[in-house]
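The values are calculated or read from the model by the stated rules, or taken from the named source; none is laboratory data. Because the structure is predicted, anything quoted here is derived from the model rather than measured. Counting neighbours? That spans all protein chains shown, and the Cβs are built from the backbone with ideal geometry, glycine included. Remember, those area values only see protein heavy atoms, side chains included, never the ligands or the DNA or RNA. Shrake-Rupley method; radii C 1.70, N 1.55, O 1.52, S 1.80 Å.
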Amino acid sequence: TQLLEQSPQFLSIQEGENLTVYCNSSSVFSSLQWYRQEPGEGPVLLVTVVTGGEVKKLKRLTFQFGDARKDSSLHITAAQPGDTGLYLCAGAPTGNQFYFGTGTSLTVIP
Amino acid sequence: GAVVSQHPSWVICKSGTSVKIECRSLDFQATTMFWYRQFPKQSLMLMATSNEGSKATYEQGVEKDKFLINHASLTLSTLTVTSAHPEDSSFYICSASLGSSGNTIYFGEGSWLTVV
């Protein structure tokens, strides 16, 4: 069961532009994670958020967890070609059992 | 840091045969392991939760008799795809948890299964 919907599904932008990826659900999560995945490899964890309203920054990436802990967003500033990849949010209703979002495929054009 | 290893990375099998994929936690004991399946250009779908010493918990729609999961030790979980069919061809990924909570989970490199 896919509990989390991501938007947009596909995104192609020019280098230097900003973008935001959304992760929405009707379910409440005890924690939410964001991953980036390269083709043929396992996902790589970017961040974990656990508190409603929490904002975390990782260099040019800003992550926000919704106040109600049902949604999250990932904002990338000044995108670079190295940011290209599949971005996945994953939420855990309880414990460490994470369900992944539908995914957002990002392409940054040099 | 902690590492989770999967084997094999790639496997091709004939339709109707069974294939086993291993997931090992190399430097920590994993009380819980998770198995995911990912089709091309799609997200990861949780198949089952594997707890050491007990039966796996399968997600709705996943056939437990087709996807056999064994978690006999704290460092090894196996997924056996029985009577494989071409539609079972997919990328299978495991993750391992250091505990029941705390969000400390690590993913394996994934295993590509192609059924011909």
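Table for the structure above
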read-out: With 5 Å bins from 0: P(r) over chain A, alpha-carbon pairs, percent; value: 2, 13, 25, 26, 19, 10, 4, 1, 0
read-out: Of all accessible heavy-atom area on region B:27-116, the percent that carbon and sulfur account for (1.4 Å); value: 52
read-out: Selection from B:S89, B:I21, B:L44 lying farthest towards where the dipole of the protein assembly as shown points positive, charges on Cβ; value: B:I21
read-out: Computed magnitude of the charge dipole of the protein assembly as shown (debye, nearest 20; Cβ of K, R +1, Cβ of D, E -1); value: 160
read-out: Cross-link reach list, lysines versus B:K41, counting only Cα pairs under 22 Å and skipping chain neighbours closer than eight places; value: none
read-out: Hz values of 3J(HN,Hα) by residue in region A:22-32 - Karplus curve (6.51, -1.76, 1.60), Gly and Pro given as x; value: 10, 9, 10, 8, 8, 9, 9, 10, 6, 7, 9
read-out: Reachable lysines, given that their alpha-carbon falls under 24 Å from the alpha-carbon of A:K56 and they are not under 8 places away in the same chain; value: A:K70
read-out: Dipole of chain A [Lys/Arg +1, Asp/Glu -1 at C-beta], most positive-end residue of A:L46, A:G85, A:S12; value: A:L46
read-out: Cysteines having no other Cys beta carbon under 4.7 Å from their own, within chain B; value: B:C13
read-out: Under 18 Å from the Cα of B:K20 - aspartates and glutamates, other chains or at least 8 residues apart; value: B:E52, B:E63, B:D65, B:E87, B:D88, B:E109
read-out: Global geometry of region A:52-110, whether rounded, prolate or oblate, following the gyration tensor of its Cα atoms and the 1.5 cut on a/c; value: oblate
read-out: Ratio Rg/Rh [Cα only; Rh per Kirkwood] for region B:15-116; value: 0.95
read-out: Dipole magnitude (debye, nearest 20) for chain B, charges at Cβ of Lys, Arg, Asp, Glu; value: 120
read-out: 10 Å Cβ neighbours from other chains, averaged over peptide A:86-95; value: 3
